[in-house]
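K.L.:
Below are the structure tokens for one structure; questions will follow.
Bear in mind that the values in this text are calculations on the coordinates, not laboratory data. The structure displayed is predicted, hence computed values, not measured ones. In this analysis, Cβ positions are derived from the backbone assuming ideal geometry, glycine residues included, and neighbour counts consider all displayed protein chains.
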Amino acid sequence: MPAGRPFYITTPIFYVNDVPHIGHAYAEVAADVLARWHRQAGDDTWLLTGTDEHGQKILRTATANGATPKEWTDRLVAEAWHPLLKTIDMSNDDFIRTTDERHESAVKAFISKLHDDGFIYEAEYGGLYCVGCEEFKPESEILDGDGEFAGQKVCAIHGRPLELLQEKNYFFRMSQFQQQLLDLYKERPDFVQPESARNEVVAFVSQGLQDLSISRSTFDWGIPLPWDESHVLYVWVDALLNYITAIGYGADSANFERRWPAYHLVGKDILRFHAVIWPALLLAAGLEVPAGVFGTGWLLVGGEKMSKSKLTGIAPSEITDTFGSDAFRYYFMRAISLGQDGSFSWEDLAARYQAELANGFGNLASRVVAMVRRYFDGVVPASGAVQAADEAVAATVAAAAAAADAAIERFAVHEAIAAVWEIVDVLNGYVTEQEPWALAKDETQRDRLATVLYTAAEGLRALAVLLSPVIPKATTKLWSALGVEGALGALAAQPLRDAGRWGRLPAGVVVGELEALFPRIDDAR
RNA sequence: GGGGCGGUAGCUCAGCCGGUUAGAGCAGAGGACUCAUAAUCCUUGGGUCGCGGGUUCAAGUCCCGCCCGCCCUACCA
């Protein structure tokens, strides 16, 4: 068992009815980078993702497509969602589906406990029902009628009058957790991040909490309530429980104890479910609340929120087909601050790819490796007497590594990358100033040349390690070209928190050929 | 209506508890160099810090009002 402290992080689970777009992929990548970082730093890491497959919408689509809901979701998972993970190079440790038997049985155990302990009761639910939509309408889809329907409430979609219907429902006594939740937000100010998200949650809970209807009986695509199988569990409760059912709640207590609690990375649109309903459910069940809930921002395209309904949705593969998964990961993690909305544009993506990945990092690796091969037949020389400029490089590496780790600790992935990129910039400047090509022309400067190239190569070694959580494919190529696998082991095994310690690259390793890490893309959009 | 967040160079953004001539990256202009992916390095032009008041010796940075954008104000995943 890894010795490090536990780090369990989850992504939102995908509602399989959607088509994957870069918004989904963005959240996945963010969680993946954090997980890879912690994993490589030696923490006892677990990254969970998965799919949310119940609910009326899925039942409807499946039926419309002439399939059973299970056939339909199996197909979507196989054709759209599993492939997405490959597309963006995820390193998830598990993938849970809410249709998994392990999930359903654990959900039943959880909900039975709440029921047995008196947190669930039966009551009439009165709501405005739209015959056209065949469902109860939320406040946001109810309008005041005019014309012939003046004085009545009408459906925002169909424009027809709504009927007041009663339905027997089971309710969760969420209202009694209001104070506990407020205390939680107060005692742990970083429970909900960023602060703007926290403000909204606190404001919401302060207004007062109502009990939550947690069952539906108008359709059957869901998990039946153990004590009343004519009802299925409300999809959101079903979905939230994935975070504990996946790690053995009710089935493998040792593993559950080892992993829980988790950090939840979620889009800010579903923040409330995670920061209010979810902790309330956990409190009721006598479990620990999450370690934290981090709300990510929207991706803006052309200044507007990217959405599935509008045509601004972009498939991740559209980007990776041209730029590759590393560039996808790098771009979204570098250009956007995790908790804020971020602008996406093809121009910006292409510009950063060219300037930062190709000309910055890629070319640096290329020129250093080429010089070691040209001037020392590929054998990394031992460093000679060290000068101030060399020490400055070592100091930059140490500072960058420390700053990056601290930033990751705060979920500030973009700051971590910016910190590491200092090394790229400093190293490019160092090489240009030291002019190894000039030193190479003078036999008496042989020792100096060795020192300069060792310094540059050692800098690359640190970069490979520090960037491996973000651009795993490119750094693996670099690691292989540096020829250190035999001496230091695999890249993924390099202790991340030691990456900044100078001099780990052993002299004498043989550098191999290095293909362009990020080839120029002339057809940039 | 109530609340939150944001409005800083062409673009994307930093600017913590108020303090010297407001910063970075990219884009633009000029120069150096050749190891490298026509890459790199240096220099450089460019901003009424949304608008109007106020507090202060001093405000992008605090207070008030206003304008603009996005979001929340419960049971759609």
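K.L.:
Can you give the relative contact order of the range A:346-498 as a percent, counting alpha carbon pairs under 8 Å and 6+ residues apart?
P.N.:
On the way: 134 pairs, mean separation 41.1, N = 153.
Relative contact order here is 27 percent.
K.L.:
So what's the net charge close to A:G503: Lys and Arg +1, Asp and Glu -1, counting the other residues with Cβ under 14 Å from its Cβ? Don't skip to the end; give the middle numbers.
P.N.:
On the way: positive: A:R461, A:R501, A:R504; negative: A:D390, A:E391, A:E458, A:D498.
My count for the surroundings of A:G503 gives -1.
K.L.:
Then there's this: Where in chain A are the DSSP H helices whose alpha-carbon span along the long axis reaches 24 Å or more and whose Kyte-Doolittle mean is at least 0.0?
P.N.:
Sorted by number, the helices that extend far enough and score high enough are A:388-409, A:413-434, A:446-467.
K.L.:
So, one more: Per-residue counts of other Cβ atoms within 10 Å, averaged by peptide: what ranking do you get for A:97-108, A:26-37, A:240-251, highest first?
P.N.:
Averaged packing, sorted descending, gives the order A:26-37, A:240-251, A:97-108.
K.L.:
Set the Förster distance to 30 Å, then compute FRET efficiency between A:V386 and A:V510 from the Cβ-Cβ distance, nearest 0.05. Display every interim value, and only then the final one.
P.N.:
Numbers: r = 23 Å, r/R0 = 0.78.
Taking R0 as 30 Å, the efficiency between A:V386 and A:V510 is 0.80.
K.L.:
Given A:L349, A:L482, A:A406, which one lies farthest toward the positive end of the charge dipole of the range A:346-498, if we put +1 on the Cβ of every Lys and Arg and -1 on the Cβ of every Asp and Glu?
P.N.:
So the residue we want is A:L482.
K.L.:
Just to confirm my numbers, what's the Cα centroid distance between the range A:400-438 and the range A:465-509 in Å?
P.N.:
15 Å
K.L.:
May I ask you to order A:455-464, A:41-50, A:264-273 by the average number of other C-beta atoms within 10 Å around their residues, highest value first? Intermediate results must be reported in sequence, preceding the final value.
P.N.:
On the way: A:455-464: 25.5, A:41-50: 21.4, A:264-273: 19.7.
Per-residue mean Cβ counts within 10 Å order the peptides as A:455-464, A:41-50, A:264-273.
K.L.:
If amide hydrogens are placed 1.01 Å from N in the peptide plane, which non-local residues have theirs closer than 5 Å to the one on A:G378?
P.N.:
A:R373
K.L.:
Could you give the alpha-carbon Rg of chain A over 2.2 N^0.38 Å, rounded to two decimals?
P.N.:
On the way: Rg = 27.1 Å, N = 525, 2.2 N^0.38 = 23.8 Å.
In units of the 2.2 N^0.38 Å rule of thumb, it is 1.14.
K.L.:
Output the peptides A:56-64, A:292-300 sorted from most to least packed, where packing is the average of other Cβ atoms within 10 Å over each peptide's residues.
P.N.:
On the way: A:56-64: 16.0, A:292-300: 22.4.
Highest mean packing first, the order is A:292-300, A:56-64.
K.L.:
Among the lysines, select those whose C-alpha is under 16 Å from the C-alpha of A:K473, and discard any that sit fewer than 8 residues away in the same chain.
P.N.:
Partners within reach: A:K86.
K.L.:
Roughly how many debye, to the nearest 20, is the charge dipole of the range A:346-498 about its Cα centre, given +1 on each Lys and Arg Cβ, -1 on each Asp and Glu Cβ, and no other charges?
P.N.:
In total the dipole reaches around 460 debye.
K.L.:
Return the percentage of antiparallel bridges among DSSP beta bridges fully within chain A, rounded to the nearest 5 %. Don't jump to the answer; show the numbers that get you there.
P.N.:
On the way: 25 of 48 bridges.
Roughly 50 percent of the DSSP beta bridges within chain A come out antiparallel.
K.L.:
Along the Cα-to-Cβ line of A:E101, 7 Å from the Cα, sits a label point; which residues in the range A:231-252 have backbone N less than 11 Å from it?
P.N.:
none
K.L.:
If I take every Cα pair under 8 Å that is 6 or more residues apart in chain A, average their sequence separation and divide by the length, what percent do I get for the relative contact order? Walk me through the numbers on the way to the answer.
P.N.:
Numbers: 856 pairs, mean separation 80.4, N = 525.
Normalised by residue count, the contact order of chain A is 15 percent.
K.L.:
Provide the gained length on full extension for the span A:A351 to A:T61, in nm with one decimal, where the gain is 0.36 nm per separating residue minus the Cα-Cα distance. The partial results should precede the final answer.
P.N.:
On the way: separation 290, 0.36 × 290 = 104.40 nm, distance 4.02 nm.
So the chain would gain 100.4 nm between A:A351 and A:T61.
K.L.:
At 0.36 nm per residue, minus the direct Cα-Cα distance, what do A:D190 and A:D116 gain on full extension? Give it in nm, one decimal, please.
P.N.:
On the way: separation 74, 0.36 × 74 = 26.64 nm, distance 3.28 nm.
Answer, rounded to one decimal: 23.4 nm.
K.L.:
I want to make sure I understand the PRE zone here: with the label point 7 angstrom from the Cα of A:K305 toward its beta carbon, which residues in the range A:325-367 have backbone N atoms less than 12 Å away?
P.N.:
A:341
K.L.:
I need the GluC sites (Glu not before Pro) found in the range A:478-525, filtered to DSSP loop residues with at most 16 other beta carbons within 10 Å of theirs. Write out the running numbers ahead of the final one.
P.N.:
Working: sites: A:E485, A:E513, A:E515; in loops: A:E513, A:E515.
Answer by residue number: A:E513, A:E515.
K.L.:
Additional query: What fraction, in whole percent, of alpha-carbon pairs in the range A:218-267 exceed 17 Å separation? Display every interim value, and only then the final one.
P.N.:
Values: 594 of 1225 pairs.
Tail fraction, whole percent: 48.
K.L.:
If you take the Cα Rg of the range A:346-498 and divide it by 2.2 N^0.38 Å, with N the number of residues, what do you get? Present the calculation step by step, with values, prior to reporting the outcome.
P.N.:
Numbers: Rg = 15.5 Å, N = 153, 2.2 N^0.38 = 14.9 Å.
Normalised Rg, Cα atoms only: 1.04.
K.L.:
Also: At a Cα cut-off below 13 Å, give the aspartates and glutamates reachable from A:K57, other chains included and same-chain residues fewer than 8 away excluded.
P.N.:
A:D18, A:E134, A:E135, A:D220
K.L.:
Using the Cα centre of chain A as origin and beta-carbon charges of +1 (Lys, Arg) and -1 (Asp, Glu), tell me which of A:M174, A:A203, A:T396 is placed farthest towards the positive end of the dipole.
P.N.:
A:T396
K.L.:
Based on Cβ point charges of +1 for Lys and Arg and -1 for Asp and Glu, what charge dipole magnitude is obtained for chain A about its Cα centre, in debye rounded to the nearest 20?
P.N.:
Numbers: 46 positive and 71 negative charges, 187 e Å.
Computed charge dipole of chain A: roughly 900 debye.
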